[in-house]
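Undergrad: One structure is given below, represented as structure tokens, and several questions about it will come after.
The values are calculated or read from the model by the stated rules, or taken from the named source; none is laboratory data. Predicted model, so just to flag it, every value in this text is computed and none were measured. Every residue, glycine among them, receives a Cβ derived from its backbone with ideal geometry; neighbour counts consider all protein chains shown.
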Amino acid sequence: MRTQLIHCSYHKCLTRYFKQVFGALRKSGALPGGYYHFRSFKSQFESESRHYRVSSINNHTLDMNSYHEARVTRFIRDPRDLLVSGYFYHLRAPEAWCNIVDPTDSDLEVVNGTVPVGLTRGLSYSQYLSGLSLKEGLLAEIEFRRKHFESMASWPGDNERLQTFRYEDIINNEARIFDQIFRFQGLPWATRQLGIVYARYFASRRFKSRNTHIRDPRAGQWAAVLPGDVKTLFNRQYRELLLKLDYSTA
């Protein structure tokens, strides 16, 4: 029986890129057993992920004891950059759920989001953000991403079956990092080599892209975007998370 391979990440943390690389491997026939991304639908992931050689899910903590033979990779990113990237992304309403009028938490299950308390009736999340100042919009995004940040904080410590990769280390080093991922997963040499080709190809396409999915891939942009009082509030509210992930609380 082949080892189950699982990837966990967060909204605006290279999800699309990971899907492109592994989707291409699946289509090429180099990944017997296939690949499927479950978005943030945890119950579906729990019931169906074992049917795939590689599966991925966003915005949830994985119970490593429930997957005691799986090898798990995880992408993390400075939570403040997730906040900034998510805010500008949702402002453009690029996904269907962003345009649901009067959304409920059930409507936002696809991204494991939380409806901000102040969201006015008759508006979608994107419309709501459009009517707010930058500061107000970022505060709303903090509410929206509450479950994401809580899940980031609740992951277990060191585990030999879990490898974590930081967004800041992946950007501009995609081929090297994906080679590490493939080796950790125990994929055959030929599959690894093809995967590195795909990792380079989709990385170059990402930086040349003019579509609305990617606004700014640079790390550390939160320092220039977050108003001082929002920065202070976030650093205070999520201080333990920043320390756990080894990001500066300054």
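Undergrad: Taking the residues in the stretch 176-194 that are surrounded by fewer than 16 Cβ atoms within 10 Å (Cβ to Cβ) and hydrophobic (A, V, I, L, M, F, W, C) as candidates, determine which candidate is nearest to Gly23 (Cα to Cα).
TA: Result: Ala190.
Undergrad: Is it the case that some residue within the stretch 61-80 is over 25 Å from Leu245 (Cα atoms), free of Cβ contacts under 8 Å to residues at least 40 places away in the same chain and surrounded by fewer than 19 Cβ atoms within 10 Å (Cβ to Cβ)?
TA: no
Undergrad: Can you pull out every residue in the stretch 49-76 that is touching a Lys or Arg at 6+ places or on another chain (Cβ under 7 Å), part of a loop (DSSP other than H, G, I, E, B) and either closer than 19 Å to Ile171 by Cα or among the charged types (D, E, K, R) (or both)?
TA: Residue satisfying the conditions is Arg53 alone.
Residue-by-condition table, conditions (1) touching a residue at least 24 places away in the same chain (Cβ under 8 Å); (2) over 25 Å from Arg80 (Cβ atoms); (3) touching a Gly at 6+ places or on another chain (Cβ under 7 Å):
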{"site": "Gly113", "(1), (2), (3)": "yes, no, no"}
{"site": "Leu123", "(1), (2), (3)": "no, yes, no"}
{"site": "Leu129", "(1), (2), (3)": "yes, no, yes"}
{"site": "Leu139", "(1), (2), (3)": "yes, no, no"}
{"site": "Ser154", "(1), (2), (3)": "yes, no, no"}
{"site": "Glu174", "(1), (2), (3)": "yes, no, no"}
{"site": "Phe178", "(1), (2), (3)": "yes, yes, yes"}
{"site": "Ala190", "(1), (2), (3)": "yes, yes, no"}
{"site": "Gln193", "(1), (2), (3)": "no, yes, no"}
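Undergrad: State yes or no: is Asp102 under 17 Å from the mean Cα position of the chain (by Cα) and in contact (Cβ under 8 Å) with a residue 12 or more places away in the chain?
TA: Criteria not met by Asp102.
Undergrad: Here's something else I'd like to know. Anything in the stretch 1-17 that is crowded, with 18+ Cβ neighbours inside 10 Å and within 21 Å of Asp63 (Cβ to Cβ)? List them, or say none.
TA: Within the stretch 1-17, Gln4, Leu5, Ile6, His7, Cys8, Ser9, Tyr10, His11, Cys13, Thr15 qualify.
Undergrad: Looking only at the stretch 133-175, count how many residues are surrounded by 14 or more Cβ atoms within 10 Å (Cβ to Cβ) and under 19 Å from Ala70 (Cβ atoms).
TA: Going through the stretch 133-175 one residue at a time, the tally reaches 7.
Undergrad: Consider Arg145 carefully, then state whether it is at pLDDT below 95 and farther than 24 Å from Pro32 by Cα.
TA: No.
Undergrad: Looking at (1) surrounded by 18 or more Cβ atoms within 10 Å (Cβ to Cβ); (2) of a type outside the set (D, E, K, R); (3) out of contact with any His (no Cβ under 9 Å at 6 or more places or on another chain), find the lone condition where Ser126 falls short.
TA: So Ser126 meets the others, but not (3).
Undergrad: Take the residues of the stretch 1-24 that are touching a residue at least 24 places away in the same chain (Cβ under 8 Å) and assigned to a loop (DSSP other than H, G, I, E, B): which is farthest from Ser154 (Cα to Cα)?
TA: Filtering first and then ranking leaves Arg2.
Undergrad: Among the numbered conditions (1) farther than 30 Å from Arg50 by Cα; (2) outside the structural domain of Val230 (by TED's automatic domain parsing); (3) among the basic types (Lys, Arg), tell me where Arg71 comes up short.
TA: Tallying (1) farther than 30 Å from Arg50 by Cα; (2) outside the structural domain of Val230 (by TED's automatic domain parsing); (3) among the basic types (Lys, Arg), Arg71 fails exactly one: (1).
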